[in-house]
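A quick write-up on the structure given underneath.
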Amino acid sequence: MLDSYYFSKLSTFIQKEFHPLRFFSSVTASLIAALISIIWAVSSSHLIFSGSLSPYISIGIGLILVSNIVTGLLIASRTSLPGIIPSIQEPPVAILSVIASTIITQSSVDNIETTLLSLIVIIILTGVLSGIVFFTLGFFRLGSLVRYVPYPVIGGFLAGTGWLLIAGIIDNYTGIKVSFDNLSHLFSWEILIHWFPEFFFALSLVIILRFYRHFLLLPCLIFLTVILFYLFLSITGISLDEARGMGLLMEPINQENLLPPLTVSNLKNADFSIVFRNLPQMFSIILLGVIGLLLNISGIEVALEKDIALNHELKITGIANILSGLMGGGLTSYVSLSRSVLNHRLGASSRVVGWLLSGFCALALFGGMSILSLLPEILIGGLTLFLGLNFLVEWLYDGWWKLSKSDYFLVLLIVVSIGYLGLLQGIIVGLIVSMILFVIKSSRFSILKKISSLCYCSSHVQRSSLETKIIKKHGDRVYILQLQGWLFFGTANQLFNNIRNRLYDVDKPSIKFVLLDFRVVNGLDSSALINFIKIKQLLKSYSVYLILTNLTIKDQQKLQKQVGLQEDFIHLFEEMNIGLAWCEEQLLAQYYPTHKSCHLLETQLSNYLPPSVNIAKLMSYLKPFKLLPGEVLFTQGQLSLGMYFLESGRLSVVKEIAPGKTKCLRTYKSETIMGEMGFYSQSNHSASVIADEHSTVYFFSSHAFKRMEREEPKLASAFHKFIVKLLIERFQYREQEMQN
């Protein structure tokens, strides 16, 4: 049964992928991709194996083709998005070219084979290590961590890579290192003719592709360039040998040298001191490979509007690079943004594309490289220069309009640093400056989300009108600061200065309470603790209470250890609402000492209704009853049958927000009324009300009210005015809070 299942699955796959139209699209896409990959392999090899290593360019081509074959087969077979294509990427090539030129300058001419083997070891070792890092990140689902690298640093790296590509090609063609000192030599006529044709071709590609973005345009321009080149040879009568002697055509590639016998015994002859000296550059290839892979995947997701399993791709790419290195490839390879999008635009969203691409690269490796000697040199060098120019234009020209001035300055600084100091040093400079800019921007960002007092902000405790008026009258004595963001030395110093300025402000009432809410604080750095010590000392000297709410356990432990929270004037509460309620109670205890004394409902009503109202008559329409702690007054969804007067005790309004999950919305204390909205609208209760303690409640039913309207119309009218006044007061308080 299992065999029949897999046979059926295989049969379905073959019928789908080898349908004539779909298979034709796959073949077309793979041919275009193979052509670009092989040309890029030749260009990259020219860039890496330059100078005294130029006789071994064919070995470099072989290494790259092996990488393309192995990674193409594995990634095409196991990727989560069929049709995406891996390739060696520009950043590793640029860094390897720098490593190669450094090795050449440090080695003697007599030791050229040792230099070659050392470079090959570096290439293979970097590929294997890159694969291990890719796989580890994917296995532990850590790929998203690399996304925290600042965007301008990535942009500066890409632009710097573009500069290295351009400088490397010009150096390769002229033998002159690109620098300000050598500008006059580079633009002399004898030198200019060696690099300007390729540069003009690359610049033309950049300009054309900026205005016309069809996916077939680049392959067509490559084909047209070859046609025009041979048309030029035909018109001028220049033979192939003469063109090759003039440097217009590539030198023939020795097919036998594409696959040198790279055995362990051969590689032992490498100079491993050179390998160890270049470890920082190798690690930069690995780091930038991870960043490049993640950025390319994100770009493909956006361009194709498809989801890609990020960690899965990291693991597959890691395995592919490890096997590639062990099999004699080794150049770090991962999914290519441009070629993958090109495939899907051609309708070739199939695994077959990757397999065919590997097959075409294998044909070139095992006997088809002779045709590349017919490719014009302007095409090989021009494509590499095109990639470098494209990076520079994208980040140094387009970036001027797209980036903030500080971010653009950082990109430019990284490019200049890479040009003068090197790739890794330039990135380090960028990271250091980005951290400094982050601190500067953070210090300008206000840590204070909201500043308020009890005049405009209140707890969820519903109190009597008299208590509410007293709290609002003296609410300025409670200074409420809702904090936000990350607390470190600079932002915490803002907090200290704000509290100090408020204490020194003689035009406002003196404060007795400072409430700090940490609900939207991201974290508390140890450097911020110095300012909290200063805040504690300042408030203690002024006999001001400090209330801290919504502190995480971790931040609370930091404050407890470094600042000390055991003082009598410091109070911690889990929620801001609880802290506000505590402050309200302290104000009432000072300015309304009798607020906790329990009055009969008749006495309470006499404080709010005019003397002409017969309170005893009104009480006859009310029905008293007692509630025990935990007893339900009414439930959510129940039809409202009247309103309730809370004579004594405490009730909580609880709403069910999910099955089995409730939230306390408000707490009612004595001398308050609830259910008045439902009383008039005859709607269902939106929440339940539960007694927190022994409570005495009076119920005024809708039927009793209608009876009062018939029997005592003047009393009913006075009661109407009383409720309307109560609702207006509550609305005004809420409006003040919202405006604040």
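The values are calculated or read from the model by the stated rules, or taken from the named source; none is laboratory data. What you see is a predicted model; the values in this text were computed from it and never measured. All Cβ positions, glycine included, derive from the backbone under ideal geometry; neighbour counts span all protein chains shown. Calculation scope for accessible area: heavy atoms of the full protein, side chains included, ligands and nucleic acids excluded. Shrake-Rupley method; radii C 1.70, N 1.55, O 1.52, S 1.80 Å.
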Whichever residue in region 385-421 is of a type in the set (Phe, Trp, Tyr) and open to solvent by 40 Å² or more (accessible area, probe 1.4 Å) and, among such residues, is nearest to ALA94 (Cα to Cα): TYR420
Filter pass, LYS714 being more than 21 Å from SER459 (Cα to Cα) and in a helix (DSSP H, G or I): yes
Region 573-604, residues that are of a type in the set (A, V, I, L, M) and within 30 Å of ASP517 (Cβ to Cβ): MET576, ILE578, LEU580, ALA581, LEU587, LEU588, ALA589
Boolean, ASP507 is open to solvent by 70 Å² or more (accessible area, probe 1.4 Å), outside any helix (DSSP H, G or I) and more than 21 Å from SER452 (Cβ to Cβ): no
Sole exception among (1) farther than 29 Å from LEU454 by Cα; (2) outside any strand (DSSP E or B) for PHE699, by number: (2)
Positions within region 703-730 being basic (Lys, Arg) and either under 20 Å from TYR668 (Cβ atoms) or free of Cβ contacts under 8 Å to residues at least 40 places away in the same chain (or both), in sequence order: LYS706, ARG710, LYS714, LYS721, LYS725, ARG730
Pairs, first farther than 14 Å from SER97 by Cβ in region 273-289, second open to solvent by less than 10 Å² (accessible area, probe 1.4 Å) and outside any helix (DSSP H, G or I), C-beta under 6 Å, six or more apart: GLY289/THR332
The listed residue being in contact with an Asp or Glu (Cβ under 7 Å, 6 or more places away or on another chain) and either open to solvent by 10 Å² or more (accessible area, probe 1.4 Å) or closer than 14 Å to ILE123 by Cβ (or both), out of SER54, SER67, SER80, SER101: SER80
Residue tally, condition open to solvent by 10 Å² or more (accessible area, probe 1.4 Å), modelled with pLDDT of 70 or more and assigned to a helix (DSSP H, G or I), over region 366-384: 7
Residue within region 576-595 that is in contact with a Leu (Cβ under 7 Å, 6 or more places away or on another chain), modelled with pLDDT under 90, over 17 Å from SER453 (Cα atoms) and buried (at least 18 other Cβ atoms within 10 Å of the Cβ) present: yes
Test: residue in region 657-668 that is under 27 Å from SER620 (Cβ atoms) and either small (Gly, Ala, Ser) or assigned to a strand (DSSP E or B) (or both): yes
Residues within region 422-464 that are open to solvent by less than 30 Å² (accessible area, probe 1.4 Å), at pLDDT below 80 and in a helix (DSSP H, G or I), tallied: 3
Residue among GLY649, GLY637, GLY630, GLY564 that alone is open to solvent by less than 60 Å² (accessible area, probe 1.4 Å) and within 18 Å of PHE699 (Cα to Cα): GLY649
Complete set of residues in region 174-207 that are more than 19 Å from LEU47 (Cβ to Cβ), open to solvent by less than 40 Å² (accessible area, probe 1.4 Å) and outside any helix (DSSP H, G or I): SER188
Those residues of region 652-670 which are among the small types (Gly, Ala, Ser) and surrounded by 14 or more Cβ atoms within 10 Å (Cβ to Cβ), in sequence order: SER652, SER670
Residues located in region 606-630, provided they are over 16 Å from SER717 (Cα atoms), part of a loop (DSSP other than H, G, I, E, B) and at pLDDT 85 or above: SER620, LEU622, LEU628, PRO629, GLY630
Scope region 316-331; condition crowded, with 24+ Cβ neighbours inside 10 Å and over 26 Å from the mean Cα position of the chain (by Cα); matching residues: ALA320, ASN321, SER324, GLY325, GLY329, GLY330, LEU331
